[in-house]
Amino acid sequence: MALCGVLSCATVPLTERKGLRLIPESELVSLGFQQYSEVLKKSKLSNDTEKVQLVRRVGERISKATEDFLKDSGLTSDIKHYQWEFNLIEDDKVVNAWCMPGGKIGVYTGLLPITQDENGLAVVIGHEVAHAVAKHGNERVSQALLAQLGGMGLSLALSREPTLTNQIFMAAYGAGAQVGVLLPYSRLHEREADRIGLVLMARAGYDPRKAISFWQRMNEKGKEKGRPPEFLSTHPAPEIRIQEIESFIPEAMKYYRGE
């Protein structure tokens, strides 16, 4: 990326790609906490104890594996930005999940029939956490601020264009469907999140090979509805994704200590 010579760039763990990040992570985390609270206020949280415990159990295992991954990647300083929290939002019509800066994660009940079990849910949470670890949100917000607001800082953008800036932020972290804006992830970001996510779930003790059947079920769900679910609409074609995931599995299996 030519801008990297002038602007702030950082390296994505595992893939070693350089990415544009104009915004201090502390600012994004602060805004993430605010937006997360707003989403929860406007949402109905599930009171199904078994399902809530499922989401939190998988989330806790993935979060621990993530912190170990960051330590092993020489990014121990990044751990301080995470205050992990996992909530299940009651909405059977929404097939989606997202991870905001600081490890604030929302999963919608509409996703659970497709994930089916802990392994399936680990695919989703691992993938969303991988976006956060790779700082894809920072990269996307930075690109959007450059394109739409002339590259002004986040604080200034919030003061001058609060609605637009908040929509950009939410869309950048995969929660854009809730504010009427969808910002598709690039193939590059999705490939990185798939690859890192498989390693995270494997390190958490979940079988990365189960990702194949999950994406097959997600593909079938899209065909049933006649349009892709929210979680799929911002992602590349399932057939291509499955082929790429198959190529990443041998790497992830090096960390899997399951049966």
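In a fully extended conformation the segment linking Phe33 and Leu164 would gain 45.4 nm over its present Cα-Cα distance, using 0.36 nm per residue.
At an R0 of 45 angstrom, the distance between the Cβ atoms of Thr76 and Ala147 translates into a FRET efficiency of 0.85. Most tightly packed first, judged by the mean number of other beta-carbon atoms within 10 Å of their residues, the peptides 25-36, 152-163, 129-140 read 129-140, 25-36, 152-163. Give the shape of region 26-104 as rounded, prolate or oblate, defined through the alpha-carbon gyration tensor: a ≥ b ≥ c are the square roots of its eigenvalues, a/c under 1.5 means rounded, and otherwise the shape is prolate if a/b is larger than b/c and oblate if not. Note, shape of region 26-104 comes out oblate.
Mind giving me the nanometre distance, one decimal, between the label points for Glu220 and Glu251, set 7 Å out from Cα along Cα→Cβ? Result for the modelled spin labels: 2.9 nm. Relative contact order of region 15-253, taken over Cα pairs closer than 8 Å and 6 or more residues apart, is 21 percent. With 24 Å as the limit, the listed pairs Lys44/Lys64; Lys51/Lys135; Lys51/Lys104; Lys71/Lys254 have Lys44/Lys64; Lys51/Lys135 beyond it between alpha carbons. Only DSSP H runs of four or more residues enter the estimate; each adds -39500 (n - 2.57), and after division by the residues of the chain the mean residue ellipticity at 222 nm equals -18000 deg cm²/dmol. Annotation: the residues Thr49, Thr11, Thr115, Thr76, sorted from fewest to most other C-beta atoms within 10 Å of their own C-beta, follow the order Thr49, Thr76, Thr11, Thr115.
Antiparallel beta bridges, as assigned by DSSP with both residues in the chain, represent about 60 percent of the total such bridges.
Diagonalising the gyration tensor over the Cα atoms of the chain and scaling each eigenvalue by 5 before taking the square root yields semi-axes of 26, 22, 18 Å, largest first.
A short reminder: the numbers here are calculations on the coordinates, not readings from a lab. Here the structure is a predicted model, which is why all the values come from computation and not from measurement. All Cβ positions, even for glycine, are placed from backbone atoms using ideal geometry, and neighbour counts span all protein chains on display.
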